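**Student:** So that we are looking at the same thing, I have put the structure below in structure tokens.
The values are calculated or read from the model by the stated rules, or taken from the named source; none is laboratory data. Given the structure is predicted, the values throughout are model-derived calculations rather than measurements. Note that each Cβ is placed from the backbone with ideal geometry, even for glycine, and that neighbours are counted across all protein chains shown.
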Amino acid sequence: MNSPQQGEPPSGGPGDPPNTRPHSPDRPGATPDPRPTNGSPSVPASASKGRDSNGRDSNGGARPRLGPKPIRRPPVDPFQTGAFGRPGGVGGSFGPRGTATQVRLGAPPVPEYLQEAFGRPPGAESLGRAPVAPVAQVTVEPPGDPWRDPESGATLGPPALAAPRSTTTEPVPATRFTLRQALFEHRLRPSAIIGMLLAALLVGGIGAVIGVFAANRLPAAVTDPSFELATVSPAITREPGSVADVAARVLPSVVSLEVRTGDTGETGSGVVIDGTGYILTNNHVISTAATDASAQLTVLFNDGSRLPGIIVGRDPLTDLAVIKVDVSNATVAQLGDSASLAVGDPVIAIGSPLGLAGTVTTGIVSAKDRPVRLQGGGSDTDAVIDAVQTDAAVNPGNSGGPLVDASGAVVGINTAIRTLGGESNGSIGLGFAIPITMAKSVAEQIIKTGSVQHSTMAVNARSATDGVTDGAQVQNVQDGGPAAAAGIVEGDVITKVGDRSVGNADELVVAVRQNAVGATVPVVLIREGREMTVTVTLAAE
């Protein structure tokens, strides 16, 4: 073990000055701090030479060594010194050893007032009371009743109550005798016989009164084998032109249509317009049969016969179609004139609402020339009709059926209804029918050519109003079309076509289509606040 150099005490030995530490030798040429630490002189430079583990200079020679940095002692608050400082005369963490005090073992002394309250009386050996002289035992003889003797054994005694004496006497049998003995042998007294007769008369009278009262209250017999109702002569007279008369004449010309696709089907109505089997109906009734090759179209006549139907043609722009069945001498409906109708005229709607064939409802003409747009319903129909409005009940299934006047002539084809929406889709008294004048023209074109031509101005319009004047405002004009040739431009508001006023976009469509293709009609319009009239030659749509 290497010994330290002379004049340098071992590290950590008693020769080290208190609170000193070697400074880092990383700064060569540094001089030691001459300031004393804790009252001790600083270590001379000669004593601060760097040594390796074998006592040699690490650099082969003497190196300077810094002294310890003095400890900073902040001032102490006198109040904290008084609270936490050492007591006077004590230099260490513990006080000086003194004479050990004697430790008393056992319970602490009992206070005098507790001894007086709970202690033993003077001269007593225990806390109990002094013994009392024994009391003489008095022997009491137990009662003779075993129920009051707790030591008595279980015994059977007499019953609690004595058996009661029987006080009933055996009845004496009554003496029996006959009526002859009572009357002739004087077994009864005459007064007893008279009393019995009076009692019998009284009971009989009371029974008679009750019988009469009950006869008036209780029902008599409810069946009568000989009962027959009287036959009366008919009091109803069906004049010609009555609803019953009209229905009887028109019903044979009304048919029900069934379009079945797989397990599902749709129903509608139609009217026979020619004896060779041409039937007029709505496009939306048979559109599924026209677009689905698997659909089957069946025509059910009023007499119950069923025949397959063939679609001749259809027109989605008017929602009309014509079908044909292989039949001869069919009952044909009489076609009337819808232009002669007046608001308030009686009308009759006939068809198959909800599949109920031959249903007849009545009403009146509520309005004429009512523009109604027809779209949707699962078909390709996109039409605007100049409808006849009626309050006759029209429901799903009436579509395609006839609306006839009081003479039985067809004045319209029932087509649409207006509902309140939601789950309520039945009639609310707002039914619409295509006027027969339009339907007749379309049917003739379909039967002749299989298609229909409609007139057009080649414009798109929307409804517009300035608060004073209503009309159809032109949105765009087709290049080279009739409107462009007439000088109509976008923004013009059309208010009249021919003799018909135009109040909205639907009325513009109806007003144009009621004219034939190639017709020249005057068109009144408003442009930049000025009214002007142009002439338009209608073309085919």
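**Student:** Give me the residue from the stretch 510-533 that is touching a Ser or Thr at 6+ places or on another chain (Cβ under 6 Å) and part of a strand (DSSP E or B) and, out of that set, surrounded by the most Cβ atoms within 10 Å (Cβ to Cβ).
**Tutor:** Selected residue: Val524.
One line per residue, one yes/no per condition, for (1) over 23 Å from Arg314 (Cα atoms); (2) modelled with pLDDT under 95:
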| site | (1), (2) |
| --- | --- |
| Ala443 | no, no |
| Thr465 | yes, yes |
| Val468 | yes, yes |
| Gln478 | yes, yes |
| Arg500 | yes, yes |
| Val510 | no, yes |
| Arg513 | no, yes |
| Val517 | no, yes |
| Gly529 | yes, yes |
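**Student:** Let me confirm something: among Asp499, Asp479, Asp506, which residue is touching a residue at least 24 places away in the same chain (Cβ under 8 Å) and surrounded by fewer than 21 Cβ atoms within 10 Å (Cβ to Cβ)?
**Tutor:** Asp506
**Student:** Take Thr291 and decide whether it is closer than 21 Å to Val452 by Cα and modelled with pLDDT under 95.
**Tutor:** yes
**Student:** For the stretch 315-334, state whether one or more residues are among the basic types (Lys, Arg), in the same structural domain as Leu356 (by TED's automatic domain parsing) and within 20 Å of Thr437 (Cβ to Cβ).
**Tutor:** no
**Student:** Hey, another quick one. Right, Pro371: farther than 30 Å from Gly277 by Cβ and touching a helix residue (DSSP H, G or I) at 6+ places or on another chain (Cβ under 7 Å) or not?
**Tutor:** Yes, satisfied.
**Student:** Just for the stretch 353-367: of the residues that are under 39 Å from the mean Cα position of the chain (by Cα) and outside any strand (DSSP E or B), which one is nearest to Ala244 (Cα to Cα)?
**Tutor:** Applying the filter and picking the extreme gives Ala357.
**Student:** Picking from Gly467, Gly481, Gly503, Gly471, which residue would you name as being of a type outside the set (Ser, Thr, Tyr), within 47 Å of the chain's Cα centre (by Cα), closer than 29 Å to Asn283 by Cα and not assigned by TED's automatic domain parsing to the domain that holds Ala387?
**Tutor:** Gly503
**Student:** Restricted to the stretch 269-302, and to residues that are more than 25 Å from Val404 (Cα to Cα) and among the β-branched types (Val, Ile, Thr), which residue is farthest from the chain's Cα centre (by Cα)?
**Tutor:** The residue in question is Thr291.
**Student:** If you don't mind, there's one more thing I want to ask. Looking at the stretch 448-490, which of its residues are among the hydrophobic types (A, V, I, L, M, F, W, C), within 20 Å of Glu507 (Cβ to Cβ) and part of a helix (DSSP H, G or I)?
**Tutor:** Ala483, Ala486
**Student:** Determine if the stretch 286-303 includes at least one residue that is of a type in the set (A, V, I, L, M), in contact (Cβ under 8 Å) with a residue 60 or more places away in the chain, under 16 Å from Ala439 (Cβ atoms) and outside any loop (DSSP other than H, G, I, E, B).
**Tutor:** Within the stretch 286-303, not a single residue is of a type in the set (A, V, I, L, M), in contact (Cβ under 8 Å) with a residue 60 or more places away in the chain, under 16 Å from Ala439 (Cβ atoms) and outside any loop (DSSP other than H, G, I, E, B).
**Student:** While we're here: Just need a number here: residues in the stretch 353-368 that are surrounded by 18 or more Cβ atoms within 10 Å (Cβ to Cβ), out of contact with any helix residue (DSSP H, G or I) (no Cβ under 9 Å at 6 or more places or on another chain) and closer than 16 Å to Ile428 by Cα.
**Tutor:** The qualifying residues number 4.
**Student:** Out of the stretch 309-352, which residues are within 15 Å of Ala247 (Cβ to Cβ), crowded, with 19+ Cβ neighbours inside 10 Å and of a type outside the set (Gly, Ala, Ser)?
**Tutor:** Val347, Ile348, Ile350 - these are the residues of the stretch 309-352 that are within 15 Å of Ala247 (Cβ to Cβ), crowded, with 19+ Cβ neighbours inside 10 Å and of a type outside the set (Gly, Ala, Ser).
**Student:** Okay, next question. Do we have Thr267 as crowded, with 19+ Cβ neighbours inside 10 Å and outside any helix (DSSP H, G or I) here?
**Tutor:** yes
**Student:** Within the group Gly401, Gly429, which residue is surrounded by fewer than 19 Cβ atoms within 10 Å (Cβ to Cβ) and either of a type in the set (Gly, Ala, Ser) or under 18 Å from Asn282 (Cα atoms) (or both)?
**Tutor:** Gly429
**Student:** Kindly indicate whether Val536 is in a strand (DSSP E or B) and free of Cβ contacts under 8 Å to residues at least 60 places away in the same chain.
**Tutor:** Against the criterion (in a strand (DSSP E or B) and free of Cβ contacts under 8 Å to residues at least 60 places away in the same chain), Val536 does not qualify.
**Student:** List the strands (runs of 3 or more DSSP E) that sit entirely inside the stretch 374-447 and contain at least 1 residues that are free of Cβ contacts under 8 Å to residues at least 40 places away in the same chain and in the same structural domain as Val312 (by TED's automatic domain parsing).
**Tutor:** 410-417
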